[in-house]
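Readers should treat all values here as calculations from the given coordinates under stated rules, not as data from a laboratory. Everything numeric here is computed off the predicted structure, so don't read it as measured data. Note: ideal-geometry Cβ built from the backbone for every residue, glycine included; neighbour counts use all protein chains shown.
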Amino acid sequence: MRGDRANNAASLASALGGLKGPLMKVAQLLSNIPDALPPEYASELLKLQSEAPPMGWPFVKRRMAAELGPDWEKKFGSFTKTPAAAASLGQVHRASAHDGMLLAAKLQYPDMQSAVEADLKQLGMIMSVFRRMSPEIDTREIQQEIGARLREELDYRREAKHAALYKEMLAQSADVRVPDVRNELSTGRLLTLEWLEGKKLLEYKERDLETRNRLATALFHAWWLPFARHGVIHGDPHLGNYTAFEKDGEPAGINLLDYGCIRIFPPRFVGGVVDLYRGLLENDETRVIAAYEVWGFKNLSKPMIEALNIWARFIYGPLMDDRVRTIADGVAPSQYGRREAWRVKQAMREFGPVTVPREFVFMDRAAIGLGGVFLHLKAEMNFHRLFEDAIRDFSVEKVASRQAAALSGVGLAVSL
């Protein structure tokens, strides 16, 4: 049976590998959400590449004219014909403004909205099959969450607001740089941001521990500070979304580059995350159960709580351990979290189905992705001290106040 599933998984991955665009994005998301797919399928999907063939220059010119008008080239100081990067929903061109600022112009591929809807429909069919294969995990809310985030990623005006939001939230963090948005050169399908010069993080993986830890600390700040203080997370933390910037020839921090997959949580959910951490730290079962209920888990039985605690202690383990350590000694980045996910799934076979709440999906996925980046950097830090600093003077009321002010300031709706 396992061999048949592995062969089926390879066949599915081969079929998906011939497709480009949003379905590739869906495949990437699914491959990194534990329990969304059987492990054989997840392993195969991890092998897929996300890059799509670039749009040629004649086509780019027509697309740019449709977004900024026929005189679009005059609105830039320069604009490179060859894309600097190609991804699942669009491609990036280097450019410059008339004031000299270096720019990154991300142009969406054509007909993406209809392609996304078609692919999400196909995703529903695929996940329906997986639910019949593994009925202990009800993935319907995972499907809804992926659909909501992917539709948001199509709206580059919203992504511009996300970037402005991060600029505000991380204004006091000198080790994280967020690009300025050039709204006059942006539309719903074209996003123009300041180009932040930097080097790939993996170029520093063999540097001394102090250097690697400096970059890892910046990554921690970029992810946890917005969540702990404003209830906002970057739902797609992987190596391609960061570069390192240097000062005086030494790495000083990170550039945060992509703002498509951003999740804004109700402040009460942030309270649930902090309460779960404190409940596990203090062995307070009442607090742990209450936190799971805030996360959206329903009908909690004792076996279900024990199964969820396997996963929670894995995710929170580095945060609870008051010592210098790696995220997960001896675990390959590609396998990070999969053993624990398998243990949870085995436990749930006896009392499922369990519905995975929407709020859990990207919080969980992002934690795995961020942990993988720490593993690549081989960071050794006291994550407990960093987290305690992030939640110092924490309260749901303070998060609600900060979130409302920050969202209002950039024109985003307050989360409910």
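The table below gives the values:
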| quantity | calculated |
| --- | --- |
| Pairs beyond 23 Å (Cα-Cα), from 106/199; 106/200; 106/161; 161/378; 200/247 | 161/378 |
| Rough spin-label spacing in nm, given labels placed 7 Å along Cα→Cβ, for residue 148 and residue 349 | 3.2 nm |
| Estimated FRET transfer efficiency when R0 is 41 angstrom, pair residue 250-residue 331 (beta carbons, to 0.05) | 0.90 |
| 15 Å beta-carbon shell around residue 81, net charge (K/R +1, D/E -1) | +3 |
| Whether the stretch 147-225 is rounded, prolate or oblate, judged on the alpha carbon gyration tensor where a/c under 1.5 counts as rounded | prolate |
| Dipole of the chain, positive direction: furthest Cα of 281, 126, 400, with charges on the beta-carbon | 126 |
| In order through the stretch 370-376: 3J(HN,Hα) via Karplus (6.51 cos²θ - 1.76 cosθ + 1.60), integer Hz, x for Gly, Pro | 5, x, x, 5, 4, 5, 4 |
| Angle between the chain longest axis and helix 338-348 axis [Cα atoms, degrees, rounded to 10] | 50 degrees |
| Fully extended contour minus Cα-Cα distance, from residue 208 to residue 405, at 0.36 nm per residue | 66.9 nm |
| Cα-centred dipole magnitude for the stretch 371-414, charges only on beta-carbon of K, R (+1) and D, E (-1), debye, nearest 20 | 80 debye |
| Helical contribution to [θ] at 222 nm, DSSP H n ≥ 4, -39,500 (n - 2.57), averaged over the chain, rounded to 500 | -17000 deg cm²/dmol |
| About the Cα centre, charge dipole magnitude for the stretch 262-305 (Lys/Arg +1, Asp/Glu -1 at Cβ), debye | 200 debye |
| Residue 84 long-range amide H proximity, modeled H, under 5 Å | 92, 93, 94 |
| At most 11 other Cβ within 10 Å, DSSP loop - GluC sites (Glu not before Pro), the stretch 247-315 | 282 |
| Charge context of residue 169, other residues only, Cβ under 12 angstrom, K/R +1, D/E -1 | +2 |
| Counting DSSP beta bridges with both ends in the chain, the antiparallel % (nearest 5) | 90 percent |
| Residue 129-residue 78 FRET efficiency (beta carbon distance; Förster radius 35 Å; 0.05 resolution) | 0.10 |
| Around residue 104: net Lys/Arg minus Asp/Glu count, Cβ-Cβ under 14 Å | -1 |
| Check: the stretch 184-285 dipole with +1 on Lys, Arg Cβ and -1 on Asp, Glu Cβ, in debye | 220 debye |
| Sites residue 172 and residue 199, calculated FRET efficiency, Cβ-Cβ separation with R0 25 Å, nearest 0.05 | 0.55 |
| Amide H within-cut-off set for residue 138, under 5 Å, with H built and near neighbours excluded | 354, 355, 356 |
| From phi via Karplus (6.51, -1.76, 1.60), per-residue ³J(HN,Hα) for the stretch 159-171 in Hz, x at Gly/Pro | 4, 4, 5, 4, 4, 5, 4, 5, 4, 6, 5, 9, 4 |
